[in-house]
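Reading through the structure tokens given below for one structure.
The values are calculated or read from the model by the stated rules, or taken from the named source; none is laboratory data. No experiment lies behind these values; they were computed from the predicted model shown. Note: ideal-geometry Cβ built from the backbone for every residue, glycine included; neighbour counts use all protein chains shown.
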Amino acid sequence: MQESKIWLSSPHMGGDEIKFVQQAFDENWISPVGPHIAAFENELAAYNKVEHCAALSSGTAAIHLALIILDVKRGDEVICSSFTFSGSCNPVAYTGATPVFVDSERETWNMDPDLLEEAIADRKKKAGKIPKAIILVHLYGMPAKIEKLIKVAQKHGIPVIEDAAEALGSEFKNQRLGTFGDFGIYSFNGNKIITTSGGGALVSKNQAWIQRARFLATQARDAAPHYEHSQIGYNYRLSNICAGIGRGQLHYLDERIKQRRSVYETYRKAAAHRFHFPSEPDGHFSNRWLTTILVDPDKNNGIDREALRLKLESKNIECRPLWKPMHLQPVFRGAPAYRTGVSESLFESGLCLPSGSNLSTSDLDRVIDSLGVA
Ligand SMILES: *Cc1c(COP(=O)(O)O)cnc(C)c1O
């Protein structure tokens, strides 16, 4: 008989979520408005120690609104991390702008600050203008070299959107990720460290920007008793029910980070002699959203990443290759790309292991057993 499925990263409810949802039902706030939304925004802002927060329908929507507020338009260029999930750069295409991809450095696997500097200089030369914004990602929860990246951006006066979709609760020098850039975004999709079943948030120090995000997210309705519109709006608000789930989930966020870090440690202790596990550089604190390994066939009797993935899959264990770089995606063919080769080699040899905070000891034993490291 097939053993039960072990998922890569599945939702993990703590118990308080249903109380907030029940409250929404009891008070009949079953709509995109309601008291949980503002409460969730305030609680999330307090957790991250950031001034202002808008709760939205997804992380992708949050990035889209940030770009609109930064006035990114057709003909503009926006620099993006190439090593990421498509949700972080698709919104550039929604605005009609062109993404310009910048590759990763070896240590954190995130955007290379030196290459960012080169890319900006080259865009000046080739496109005759500097990029309108930079979207930089903290992948798998690992903080990017954020200080250096922000310094480069500031030198050229380019605003930064920090994609912390995978990095809620991660820190650089004791400051939460998502709070370094002009904007930060979070995702509460079903596979993230906490979930609202689907949702996201946009944060900033700039109150006017966040107010504008809420306005745009609710169809850009002008002040009038009837429906009056002078701008194009979007239906991007988080519902009151989902915000209720989020309020409950926030109660457990610190515990979930501990659990995910402990999953990483368990794998590392069992398998560091066979696979490469990325470590945290000084000052970097990762929520370890997903445990990632690099598979070197020379150290594993010729078994490469794909052979290992198929082996785990045959044992009903869900694993996934690392993100395929955006500059290799057919849909972004033709977009300018500045490469180091790092993301391509990570995609070749990298694997995400089951990393949910709800994995049992026996689940972890089963994965370790299947890795064949004993
Ligand atoms: C999940 C994710 C997003 C998008 O978030 P959604 O809420 O799914 O729209 C963006 N960037 C990264 C890096 C992500 O992992």
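Listing for the model above:
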| item | result |
| --- | --- |
| When residues of region 55-65 are limited to those that are of a type in the set (A, V, I, L, M, F, W, C), within 9 Å of the ligand (Cβ to nearest atom) and closer than 12 Å to Tyr94 by Cβ, the one farthest from the chain's Cα centre (by Cα) | Ala61 |
| Qualifying residue in region 287-306 (condition: assigned to a helix (DSSP H, G or I), in the same structural domain as Gly200 (by TED's automatic domain parsing), in contact (Cβ under 8 Å) with a residue 40 or more places away in the chain and crowded, with 18+ Cβ neighbours inside 10 Å) | no |
| Any pair with Cβ under 7 angstrom, 6 or more apart, that starts in region 84-96 at a residue that is free of Cβ contacts under 8 Å to residues at least 60 places away in the same chain and assigned by TED's automatic domain parsing to the domain that holds Phe347 and ends at one that is surrounded by fewer than 24 Cβ atoms within 10 Å (Cβ to Cβ) and of a type in the set (Phe, Trp, Tyr) | none |
| Among (1) surrounded by fewer than 19 Cβ atoms within 10 Å (Cβ to Cβ); (2) more than 26 Å from Leu346 (Cβ to Cβ) - the single one Glu118 does not satisfy | (2) |
| Members of region 79-92 that are assigned to a strand (DSSP E or B) and within 14 Å of the ligand (Cβ to nearest atom) | Cys80, Ser81 |
| Considering residues of region 158-169 that are among the aliphatic types (A, V, I, L, M) and more than 14 Å from the ligand (Cβ to nearest atom) only, the residue nearest to Leu67 (Cα to Cα) | Val160 |
| Positions within region 170-203 being surrounded by 24 or more Cβ atoms within 10 Å (Cβ to Cβ) and away from the ligand (no atom under 11 Å from the Cβ), in sequence order | Ser170, Leu177, Gly178, Gly181, Phe183, Gly184, Ile194, Leu202, Val203 |
| Hits in region 132-157 - residues which are more than 16 Å from the ligand (Cβ to nearest atom), in a loop (DSSP other than H, G, I, E, B) and among the small types (Gly, Ala, Ser) | Gly157 |
| Among the residues listed as Ala217, Ala223, the single one being in the same structural domain as Pro91 (by TED's automatic domain parsing), at pLDDT below 95 and farther than 29 Å from Gly283 by Cα | Ala223 |
| Pairs, first at negative phi in region 48-69, second assigned to a loop (DSSP other than H, G, I, E, B) and among the polar types (S, T, N, Q), C-beta under 6 Å, six or more apart | Asn48/Thr179; Val50/Thr179; Leu67/Thr95 |
| Some residue of region 66-73 being within 15 Å of Ala164 (Cα to Cα), over 14 Å from the mean Cα position of the chain (by Cα), part of a helix (DSSP H, G or I) and within 16 Å of the ligand (Cβ to nearest atom) | yes |
| Filter result (closer than 21 Å to Thr98 by Cβ and part of a helix (DSSP H, G or I)) within region 311-343 | Met326, His327, Leu328, Pro330, Val331, Phe332, Ser343 |
| Test for Ile120: is it outside any loop (DSSP other than H, G, I, E, B), outside the structural domain of Arg339 (by TED's automatic domain parsing) and of a type outside the set (Gly, Ala, Ser) | yes |
| Subset of region 103-143 [without any contact (Cβ under 8 Å) to a residue 24 or more places away in the chain and either small (Gly, Ala, Ser) or within 19 Å of Pro91 (Cα to Cα) (or both)] | Ala121, Gly128 |
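Listed here are the residues, each with its yes/no results for (1) under 15 Å from Thr60 (Cα atoms); (2) not hydroxyl-bearing (Ser, Thr, Tyr).
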{"residue": "Ser86", "(1), (2)": "yes, no"}
{"residue": "Pro91", "(1), (2)": "yes, yes"}
{"residue": "Ala97", "(1), (2)": "no, yes"}
{"residue": "Glu105", "(1), (2)": "no, yes"}
